[in-house]
1. When segment 318-335 is examined, which residues are found to be closer than 9 Å to residue 20 by Cα and either assigned by TED's automatic domain parsing to the domain that holds residue 127 or surrounded by 13 or more Cβ atoms within 10 Å (Cβ to Cβ) (or both)?
2. Filtering segment 212-237 down to residues that are at pLDDT below 95 and β-branched (Val, Ile, Thr), which residue is farthest from the chain's Cα centre (by Cα)?
3. Can you go through 179, 237, 232, 221 and tell me which one is among the hydrophobic types (A, V, I, L, M, F, W, C) and free of Cβ contacts under 8 Å to residues at least 24 places away in the same chain?
4. Kindly provide the set of residues from segment 191-227 that are assigned to a loop (DSSP other than H, G, I, E, B) and out of contact with any Gly (no Cβ under 7 Å at 6 or more places or on another chain), ordered by number.
5. Within segment 385-411, can you find the residues that are in contact with a helix residue (DSSP H, G or I) (Cβ under 9 Å, 6 or more places away or on another chain) and among the aliphatic types (A, V, I, L, M)?
6. Please count how many residues of segment 298-316 are at pLDDT below 95, over 24 Å from residue 109 (Cβ atoms) and of a type outside the set (A, V, I, L, M, F, W, C).
7. Can you name every residue in segment 336-367 that is surrounded by fewer than 12 Cβ atoms within 10 Å (Cβ to Cβ) and either hydroxyl-bearing (Ser, Thr, Tyr) or touching a Leu at 6+ places or on another chain (Cβ under 9 Å) (or both)?
8. Could you check, for segment 125-137, whether at least one of its residues is more than 22 Å from the chain's Cα centre (by Cα), in contact (Cβ under 8 Å) with a residue 24 or more places away in the chain, buried (at least 20 other Cβ atoms within 10 Å of the Cβ) and not in a loop (DSSP other than H, G, I, E, B)?
Amino acid sequence: MSALQPPRGTHDLIGDEQRRYARVVETSRTVTTLYGFDEWATPIFEDTRVFSRTLGDTSDVVTKEMYSFDDRGGDSITLRPEGTAGICRALVTNGLTQSLPQKVFYAGPMFRYERPQKGRYRQFHQIGAELIGPSEPLADAEVIACGWDILSRLEIAADTVLEVNTLGDRASRDAYRSALVAYFSTHKDALSAESRDRLERNPMRILDSKDTADRAIVTDAPTIAPHLTPEAASFYAALLEHLARFGVPFRENPRIVRGLDYYNHTAFEFVTDRLGSQGTVMAGGRYDGLVEQMGGPPTPAVGWAAGIERLSMLLADAGSPPAAVAVIPAGEGAEAPATVVLQTLRRAGIRAEMAYRGNMKRRMERANKIGARAAVILGAEEAARGVVQLKHLDTGAQEEVAIDSLAARLS
């Protein structure tokens, strides 16, 4: 009988891969805490309307990629394809729209049915940060700075470039939409079928097309800058000034758009050339309309999400757990006192292991195999005197240490 395999587009997190994952999440928790964010955990599955209502019934995520099903009660349920919608749903259903601002960090698995490729899976993992309540461009800059600091702490900021754009306010977008429709209409016959469809519904999304012929046409498409209202232009200028004050390097990219309908003003991406053509590792922007779509009051918000797998691929090394101490009972009657020593070390914050069986030689081999830094050898005679033999495995030196002072000696 052949061994069962994981479903296509999923992967196991084991060893170095798990350590890389943990390093990304733990670093992100540390940095977002410094910025005043609290961590939320929302359900992995939601009412399908949480996503269809907010992502748009015609978006690729909703029409092609969501894992949706009817449960036994007949309710339509969807495994979450992204984190922002669930956070905004939680804000509304927990009555927190009257307690703003809310600064939220999250981490966990997401699900999209798409073609697996390097760093992209059908079950993937994301970290995200959402700042809900403030409408000022300073909030956008702070959220971006938080993301930059995470990349810096992970020592991968130098491998990325922050690209920034503005999507303007409603009046700016309406004017820009008309300009795009006029431009792309003159090239309609050369557009891909998907972009011809987008021309009627959301022409801004043509700017994000991956089709080669579309990309050539997009090169000369108008930018939003001439169509910005004075208010939108002022917002964008203030954002760039704040980013400079935060010490976050950036470049402007007028072609950045968001495929989701609830974004406005700020759009940004941290991109890299180390992961092939799929080079975005963190992306986000302002989404002032989303909370209202969840049934809450009009509420400004800004945030980002980042793929943990993609960030992990940029890490120079996975890191390693702290070296263990091997506790080795020697002879009859030594296992019971050795177990007490084992737990004493663990409760003192020292990683400690003890083999379940084997003679002294086999247990020492096990200590070397796990890369232990020291071996604590304890026989019945040592136990009676309240001491152990502490062997430093890097040098081979051995000393007698009182059990009461062992944890301090190892620390």
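1. 318
2. Selected residue: 217.
3. None of the other options fit; the residue is 237.
4. 191, 192, 202, 209, 210, 211, 219, 220, 221, 222, 223
5. 387, 388, 390, 393, 401, 402, 403, 406, 407, 410
6. Adding up the residues that qualify gives 1.
7. Of everything in segment 336-367, just one residue is surrounded by fewer than 12 Cβ atoms within 10 Å (Cβ to Cβ) and either hydroxyl-bearing (Ser, Thr, Tyr) or touching a Leu at 6+ places or on another chain (Cβ under 9 Å) (or both), namely 356.
8. Looking for residues that are more than 22 Å from the chain's Cα centre (by Cα), in contact (Cβ under 8 Å) with a residue 24 or more places away in the chain, buried (at least 20 other Cβ atoms within 10 Å of the Cβ) and not in a loop (DSSP other than H, G, I, E, B), one finds at least one in segment 125-137, hence yes.
The values are calculated or read from the model by the stated rules, or taken from the named source; none is laboratory data. As the structure is a computational prediction, the values presented were derived from the model and not from experiment. Positions of Cβ are generated from backbone atoms using ideal geometry, with glycine treated the same way; all protein chains shown enter the neighbour counts.
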